[in-house]
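The values are calculated or read from the model by the stated rules, or taken from the named source; none is laboratory data. Just so it is clear, the structure is predicted and the values come from calculations on it, not from any experiment. Here the Cβ positions follow ideal geometry from the backbone for every residue, glycine too, while neighbour counts run over all protein chains shown. What goes into the accessible areas is simple: the full protein's heavy atoms, side chains included, and nothing from ligands, DNA or RNA. Shrake-Rupley method; radii C 1.70, N 1.55, O 1.52, S 1.80 Å.
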Amino acid sequence: MIPKFLWVALWGATSSVAVAGSDLSSQAEPAAATANPAPLFANEMQRASVFVDRMMEAGVVVPVPKDPGGGYTHEQHKQNFKAINLAGQLYRNTGEQQYSDYVRDVLLAYAELYPTLGEHPARKNSQGSGRIFWQVLNDAMWMVDSIQGYEAVRESLSEADRKNIDDNVFRKAAAFLSTGSPVTFSKIHNHATWATAGVGMTGYVLGDKELVDIALLGLDKSGKTGFLRQTDLLFSPDGYYTEGPYYQRFALKPFMIFAGAIEKNDPSRKIYEHRDGILLKALRSTIQLTYDGYFLPFNDAIRDKSLKTNELYNGVAIAYSKTRDPGLLSIAEWQGRTILTDDGLLLANDLAAGKARPFPFKSLLFSDGPEGNKGAVAVLRQGDSTSGQALVAKNSSQGMGHGHFDKLNWQYYDNGNEIVTDYGAARFLNVESKFGGRYLPENETWAKQTIAHNSLVVDEKSHFDGDAKAGDKLSPQQRFFSAKPGSQISSATMTGAYPGVNFTRTLALLNVEGLGQPLVADVLRVKSETAHKYDLPMHYSGHITRVGFDLKSSVDARPVLGTANGYQHLWVDATGKPDNAQNAFVTWILDDRFYTARWIPQVTGEAILAESGANDPQFNLRREPVIIQRATDSKDAVFASILEAHGSYDGAEERTVASDSQIKSIRHQQAGSADLLMIEALSGEKSVLAISYDADPMKTHRALIGGEQINWTGYAAHVKLGRATK
């Protein structure tokens, strides 16, 4: 435990740089010493001291690697690199020799072990094998943390110990991660980001220019691979990371920490100005792509990851030191954490000084692809970021190997919950009993498949027939975006996900008079030269309270919906054939609010109520409900629907209000090339979502629906008609 009087930054005594004068600190000058650190920093020091003291009491434990993710040796080595880093920062902040000695002793144990290691015994053939861990990625993560702790104590070590650790740990590990793992090191991928960061930071600490150069420019130093090229190709001009926000969070730590080292040691590169400040844009985009602090679970995402994660403690502190953006202080306040560096101390001091301002969560369009031309993600918000509404349209690219087959997918958040859901990844991260903590087989057979998303499925096949390489070649076209309050709209087109099939989806977050909450409108138009079976699933969270149409329920036996492409994992609970928009609805409750999905039924189709979990003998899948609109033997089709929040339920007071839909009717009509969706509330208020599909923003359109003449300008608009007359 560190006494309070030692919570002082003894920088002059302990922050010496490496032999060649290089240093990983991201500040030009160390923070001023203080006997009274701000509460956030003091709490972080206390937290770190408890962890490191516990590790020191257990002694140096560096086992021979054996286990996969979640196993004993895997978890012990993870704890070790965390302890190396934190003990180094504690030494830097307190000057207590015990922390330097601990880092030295652990790394000397690795100096004995590392030269004896070959391929990890629990390696997976499809992944690059590590030495300390089952995959090379984890070895790179070990390096990024460990080199920071080592840099903090290196000058306090004897020359013999320093040389032993330099040569037998960090030089050998750097060689393995680079020339020893050329495929991983040369990728444009988050695994390579971690590897290049670890090697480059090691180069700065050891004064080895060769390691720095190959980390920045690739093994051949051409600049076609390496860290700098990754900043060019992995982010869009808006700072969106092509694998999605979950992996954006994961990759930000090496991006931001290595960038800090580059700025300190090679300021002429102006790394934080590179590509119009792309790394700082990426940090802000990562925060924007959350709801109630949790990342939108695109692609292979673990759903319980939030801004309260080590990568974002680092990212927020580093970004604040570069920008002094007061909104980042409010994020740090919500996190309740920071890092034990100059950047963390600055952030903590300014937070204590009352400089925080609310982070500006807002409706935004994030382009995808390095040139911004590979689709986009639209986030339409109303209200605050924790209990308000957020409609998300995922019109982005495939997302490489971690991508899912979910073109024009969508999600909806309200009242602090995910209402229309995305499954994310099928994985129990680091739970050894669940496939060694790796991605489960069901990640391929269910989670990645189109039917597991809220996207169009043609003939029970996934987009691109489940071929990720084919998916990488084609992206949606974002055709329209408007963040106009009360009439927020996004529209995109996908061509090529299925041969000969083109589909355009328009999603809108609308304020409709007579309703207490915003409403989601969804119009998906499909065009094809040949007939197909179309399925449009909507995965949701909640418990059904009312169904508007007659059901044929699966009571005695629970059939499976299909045999492949994810359909084999769906139990059919009931089917029905609503015949009009008055009875084509399902209402459910989640927490204290009701939701009704209402749609225009297909003439040749049916509605299917199903649940995931079929053909799952190992209980690897969550049981989650889905409503599927089906159209059979159709060429062109339009799926028009709305999602409405309404009413309230108070269990303590035994009081229910407006548990049934507040919508009287919806009506779809095609007027020439335009789609019109009229919505009428029980109060009589009517409005229309009008979509012309015309890119000319100045062109005026006119149409007649339900005896009402409407006019609008541009691609799409929300036209309010007023109250219906009796």
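Worth a mention:
- When Rg and the Kirkwood radius Rh are both evaluated on Cα atoms of the chain, their ratio Rg/Rh stands at 1.01.
- Centre-to-centre, using Cα atoms only, the stretch 248-302 and the stretch 43-111 are separated by 26 Å.
- Computed from Cα atoms, the angle from the helix 342-352 axis to the main principal axis of the chain rounds to 60 degrees.
- Using only alpha-carbon positions in the stretch 412-537, the gyration tensor eigenvalues give semi-axes of 29, 24, 13 Å once each is multiplied by 5 and square-rooted (largest first).
- Dipole axis of the stretch 582-726 (+1 Lys, Arg; -1 Asp, Glu on Cβ), positive-most option in Asn615, Gly684, Ala640: Gly684
- Rounded to whole Hz, the Karplus (6.51, -1.76, 1.60) HN-Hα couplings of the stretch 411-419, x for glycine and proline: 9, 9, 10, 6, 6, x, 10, 8, 8
- Dipole of the stretch 54-119, positive direction: furthest Cα of Tyr91, Met56, Thr116, with charges on the beta-carbon: Tyr91
- Heavy atoms of the protein chains alone define the surface here; on that basis the stretch 74-227 has 32 Å² accessible area per residue at 1.4 Å probe size.
- With R₀ fixed at 56 Å, the C-beta to C-beta distance from Arg123 to Arg723 puts the FRET efficiency at about 0.25.
- Pairs from the list Lys163/Lys221; Lys221/Lys473; Lys374/Lys527; Lys533/Lys699; Lys187/Lys635; Lys224/Lys394 with a Cα-Cα gap above 31 Å: Lys533/Lys699; Lys187/Lys635.
- The loop-placed GluC sites (Glu not before Pro) in the stretch 652-705, going by DSSP, that have at most 10 neighbouring Cβ atoms within 10 Å of their Cβ come out as Glu653, Glu654.
- Net length available on complete extension from Glu112 to Glu708 is 206.4 nm, with 0.36 nm assigned per residue and the Cα-Cα distance removed.
- Length-normalised contact order for the chain - Cα pairs under 8 Å, 6+ apart - percent: 8 percent
- Taking label positions 7 Å along the Cα-Cβ direction at both His543 and Val61, the computed distance is 4.3 nm, reported to one decimal.
- Farthest towards the positive end of the charge dipole of the stretch 292-432, among the residues Ile302, Ala317, Ala378, is the Cα of Ala378, using unit charges on the Cβ of Lys, Arg, Asp and Glu.
- Test item: Cα-centred dipole of the chain, Lys/Arg +1 and Asp/Glu -1 on Cβ, debye: 1040 debye
- With all protein chains modelled, accessible area of Ser178 [1.4 Å, Å²]: 0 Å²
- For the stretch 187-220 versus the stretch 634-709, the inter-centroid distance based on Cα atoms is 54 Å.
- Taking the convex hull of the alpha carbon positions in the stretch 460-600 and averaging its projected area over all directions gives 11.4 nm².
- Each residue of the stretch 40-50 was assigned a 3J(HN,Hα) from its phi angle through the Karplus expression (A = 6.51, B = -1.76, C = 1.60, θ = phi - 60°), giving 4, 6, 4, 5, 5, 4, 4, 4, 5, 5, 4 Hz with x at Gly and Pro.
- Cβ-derived FRET efficiency at R0 56 Å, Ala175 paired with Lys577, nearest 0.05: 0.25
- Paramagnetic reach from His274 in the stretch 155-197 [backbone N under 17 Å; point 7 Å along Cα→Cβ]: 185-197
- Lys461 - accessible surface, heavy atoms, 1.4 Å probe, Å² rounded to 10: 100 Å²
- Whole-percent carbon and sulfur share, accessible surface of the chain, 1.4 Å: 49 percent
- Distant-in-sequence amide H partners of Leu682 (H built 1.01 Å from N, under 5 Å): Ile663, Lys664
- Computed with a 1.4 Å probe over protein heavy atoms only, the accessible area of Ile589 comes to about 40 Å².
- Radius 15 Å from Cβ of Asp101, net charge of other residues (Lys, Arg +1; Asp, Glu -1): -2
- Calculated mean residue ellipticity at 222 nm for the chain: -9000 deg cm²/dmol, from DSSP H runs with n ≥ 4 weighted as -39500 (n - 2.57), summed, divided by the residue count and rounded to 500.
- Those chymotrypsin sites (Phe, Trp or Tyr not before Pro) in the stretch 393-430 that DSSP places in a loop and that have at most 15 other beta carbons within 10 Å: none
- Protein-only accessible surface at a 1.4 angstrom probe places the residues Arg171, Arg505 in the order Arg171, Arg505, largest first.
- Projecting the alpha carbon convex hull of the stretch 129-223 along each direction and taking the average yields 5.5 nm².
- Accessible area expressed per residue, the stretch 532-628, with surrounding protein chains retained (probe 1.4 Å, Å²): 44 Å²
- FRET E, pair Leu233, Arg667, Förster distance 60 Å, beta-carbon r, rounded to 0.05: 0.80
- Counting only protein heavy atoms and a 1.4 Å probe, the stretch 471-521 has 36 square angstrom of accessible area per residue.
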